[in-house]
Amino acid sequence: MGELLSELIKLLMIYLPAMVANASPVFLKKGTPVDFGKLFIDGRRILGDGKTWEGLLLGLWFGGTVALSLWLLTSDLDYFVYGLVGSLGALLGDMLFSFIKRRLGLERGAPLPLADQLDFFLGATALMMALGWRPKMEYWIIAGVIIVGLHVTANRIAYMLKLKDVPW
Ligand SMILES: CC(C)=CCC/C(C)=C/CC/C(C)=C/CC/C(C)=C/COC[C@@H](COP(=O)(O)O)OC/C=C(\C)CC/C=C(\C)CC/C=C(\C)CCC=C(C)C
Ligand SMILES: Nc1ccn([C@@H]2O[C@H](COP(=O)(O)OP(=O)(O)OP(=O)(O)O)[C@@H](O)[C@H]2O)c(=O)n1
Ligand SMILES: [Mg+2]
């Protein structure tokens, strides 16, 4: 039990910068759309107004700050490297799933259950693993379930705080 708990805490710390990177753009009210308003070949927006350059910068900035803090706290450079890469992966994964949602004809803000909760998690994981990170599969799955739960709770909080006009 002790090992499971310590492994899970380490995993949640590795993903914390990605979680903050994914959460911080929500504080922005408007910004410059990453797709500059352009349409894709299917006549729909490439990404939509929910993805802005300012959001990427804010996410990277706060994700990077948390990654740096974790490194200073633990003096383990991995937290900084993986945290930074995970933050970038979270933002890219979020954009990838926005692209997919637009292709499916879903408007900006429309729900795509599981995709909305997992997009940043999968993006962060993909980039961290590209750097050679190899989590233990069973712990990774449990951490994923916890993070989905955190995501659902955080979005409800964001909705109550009027940070989001949808609770997902
Ligand atoms: C930690 C435990 C065990 C329980 C705490 C309960 C809980 C789940 C708290 C959530 C964190 C929190 C205080 C949220 C406040 C409101 C907020 C900022 C929500 C942001 O939600 C938006 C969402 C992005 O939407 P999208 O995915 O559809 O693009 O964020 C997704 C949420 C997560 C990635 C997981 C939960 C987030 C965290 C634990 C990090 C907290 C982040 C912040 C407080 C904001 C970033 C910080 C600054 C200074 C801008
Ligand atoms: N790169 C990003 C990501 C998010 N946001 C901001 O954070 C909010 C919440 O993000 P998300 O829920 O992913 O966007 P949605 O509005 O739901 O758009 P989509 O349907 O494309 O997910 C967005 O509305 C937007 O204001 C941003 O500005 N830039
Ligand atoms: Mg969304």
Query raised in the report: Is it true that some residue in the stretch 128-146 is within 16 Å of ligand 3 (Cβ to nearest atom), surrounded by 14 or more Cβ atoms within 10 Å (Cβ to Cβ) and of a type in the set (A, V, I, L, M)?
Result: no
Requested in this report: Within the stretch 89-110, track down each residue that is under 18 Å from ILE147 (Cβ atoms) and in contact (Cβ under 8 Å) with a residue 40 or more places away in the chain.
Outcome: GLY89, ALA90, LEU91, ASP94
Query raised in the report: Out of (1) within 8 Å of ligand 2 (Cβ to nearest atom); (2) of a type outside the set (Phe, Trp, Tyr); (3) touching a helix residue (DSSP H, G or I) at 6+ places or on another chain (Cβ under 8 Å), the odd one out for GLY109 is which?
Result: (3)
Query raised in the report: Among (1) farther than 30 Å from GLY37 by Cβ; (2) surrounded by fewer than 20 Cβ atoms within 10 Å (Cβ to Cβ), where does LEU96 come up short?
Result: (1)
Report task. Exactly one condition in (1) of a type in the set (Asp, Glu); (2) over 19 Å from PRO17 (Cα atoms); (3) in contact (Cβ under 8 Å) with a residue 40 or more places away in the chain; (4) crowded, with 17+ Cβ neighbours inside 10 Å is not met by ASP42; state its number. Result -> (4)
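Just so you know, all these numbers are worked out from the coordinates, no wet-lab data involved. None of these values were measured; they are calculated from a predicted model. Because the Cβ atoms are built from the backbone with ideal geometry, glycine has one as well, and the counts that use them run over all protein chains shown.
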